[in-house]
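K.L.:
Okay, handing you the structure first.
We did not get these values from a lab; they are worked out from the coordinates using the rules stated. Since the structure is predicted, the reported quantities are computational estimates derived from the model, not experimental observations. We place every Cβ from the backbone using ideal geometry, glycine too, and count neighbours over all the protein chains shown.
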Amino acid sequence: MPAEIITIASLKGGVGKTTSSYALAAAAADGGLRVIAIDLDPTGGLSNALEKAKRTATIADVLHERVSIQDALMDHPLGIKAVASHRSLNEDNPTEEQLRRIVGGLSDDFDLVLLDTHPHEPSLLGPMAVADRIVIPTALDILSLRAAALTVGLAQQLEVLERIRGIIVTNVKRPMSRITESLLNGLSLSGLAFDTVLWYSPGWILATSGRGELPDQDLLAQSKMLLREVAVRPVPEEALRQFISMAQGRRPREAATR
Ligand SMILES: Nc1ncnc2c1ncn2[C@@H]1O[C@H](COP(=O)(O)OP(=O)(O)OP(=O)(O)O)[C@@H](O)[C@H]1O
Ligand SMILES: [Mg+2]
């Protein structure tokens with residue numbers, strides 16, 4: 001069986017893409033899956049988070065066939081393999097064909113490929129087109145939610161809407177304000193958000209800081225619940241369409257009649 005590709009995508013920075021990638025990687029490795037995490041963000045969020053892994057070649061070398069994917073793999077104490085990013089990805093957007101070739105080169109050695117991405121439309125096209133599953137992290141503020149809805153809209157343009165598994169709510173402090181609580185309830189009731197929230201925790205900051213702290217039991221438990229939902233959850237396509245129309249500033253009924 002070829003490895004399954006999960007792309008973690010958003011058009012907005014700082015919404016928890018790297019934290020979500022890290023959580024899914026940790027959960028999958030803990031469950032015995034063979035995981036490879038590829039950092040496609042030129043600022044190197046996930047590469048920094050996985051800094052303990054010794055860096056050899058980067059994804060730029062692999063994309064341009066200077067080295068094979070096998071030669072760019074780094075070992076991380078989580079039990080995953082990682083491929084580091086490179087700043088040249090700022091101008092050089094990975095294409096669907098390049099990514100398919102790379103994943104194809106992994107043959108049957110891996111169960112899961114995680115793609116952490118750059119919040120920039122041209123660089124999201126390849127990673128979203130190649131994904132078997134797409135998850136969209138968001139913080140609970142209006143700008144982040146709007147960016148999440150625009151990201152869903154991008155998936156619709158690429159005709160991969162049905163591959164969206166849901167929205168990961170991240171970085172929410174407890175106790176929640178009433179506004180935050182009502183935003184979260186709205187997302188959950190519509191079926192868009194996963195039930196698992198990656199609640200604000202200093203543990204996430206430590207785990208992804210690259211200093212080698214591994215997630216504690218509580219973070220791992222959240223991660224495992226999230227991975228399970230990503231694996232089995234049905235996709236509420238109508239809710240996704242309504243969410244897109246929210247970003248376009250139209251009410252769902254208006255949008256539906258166009
Ligand atoms: N659940 C959480 N608990 C604590 N901190 C969090 C949580 N989620 C995200 N953060 C913090 O918020 C910031 C942004 O998170 P992260 O790096 O995961 O987002 P990103 O979408 O990958 O950002 P970028 O677009 O810059 O790559 C980081 O400082 C991260 O540590
Ligand atoms: Mg990041």
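K.L.:
Between Arg174, Arg55, Arg133, find the one with the highest GNM mean-square fluctuation for the chain; connect C-alpha pairs within less than 10 Å.
P.N.:
In this elastic network of the chain, the residue with the biggest mean-square fluctuation among Arg174, Arg55, Arg133 is Arg174.
K.L.:
With +1 on each Lys and Arg Cβ and -1 on each Asp and Glu Cβ, how big is the dipole of region 78-204 about its Cα centre, in debye rounded to the nearest 20?
P.N.:
With Lys and Arg at +1 and Asp and Glu at -1, about 500 debye.
K.L.:
Relative contact order of the chain: what whole-number percent is it, with Cα pairs under 8 angstrom and at least 6 residues apart?
P.N.:
26 percent
K.L.:
Continuing with the same structure: For region 170-195 and region 1-78, compute the distance between their C-alpha centroids and round to whole Å.
P.N.:
So the separation of the two Cα centres works out to 28 Å.
K.L.:
Further, regarding this structure: Could you list Thr208, Thr138 so that the one with the fewest beta carbons within 10 Å of its beta carbon is first and the one with the most is last?
P.N.:
Thr208, Thr138
K.L.:
Just the number, please: percent antiparallel of the DSSP beta bridges in region 4-256, rounded to the nearest 5.
P.N.:
Once the DSSP bridges in region 4-256 are tallied, antiparallel ones form about 10 percent.
K.L.:
Taking amide H positions as placed in the peptide plane 1.01 Å from N, state which residues far from Val169 in sequence (5 or more) or on other chains have amide H under 5 Å from it.
P.N.:
Answer set, sorted by chain and number: Thr138, Phe194, Leu198.
K.L.:
What list do you get for Tyr200, Tyr22 if you sort them by fewest beta carbons within 10 Å?
P.N.:
Fewest-to-most Cβ neighbours within 10 Å comes out as Tyr200, Tyr22.
K.L.:
Same structure, new question: Each residue of region 163-176 in order: what ³J(HN,Hα) in whole Hz does its phi give by Karplus 6.51 cos²θ - 1.76 cosθ + 1.60, θ = phi - 60°, with x for Gly and Pro?
P.N.:
3J(HN,Hα) across region 163-176, in whole Hz: 8, 6, 8, x, 10, 9, 7, 10, 6, 9, 7, 9, x, 7.
K.L.:
To continue, here is another question. Go through Ser177, Thr18, Ala129 and say which Cα lies farthest out towards the positive end of the charge dipole of the chain; charges sit on Cβ, +1 for Lys and Arg, -1 for Asp and Glu.
P.N.:
Ser177
K.L.:
Return Asp92, Asp218 ranked ascending by Cβ neighbour count within 10 Å, so the fewest neighbours appear first.
P.N.:
Fewest-to-most ranking of Asp92, Asp218: Asp218, Asp92.
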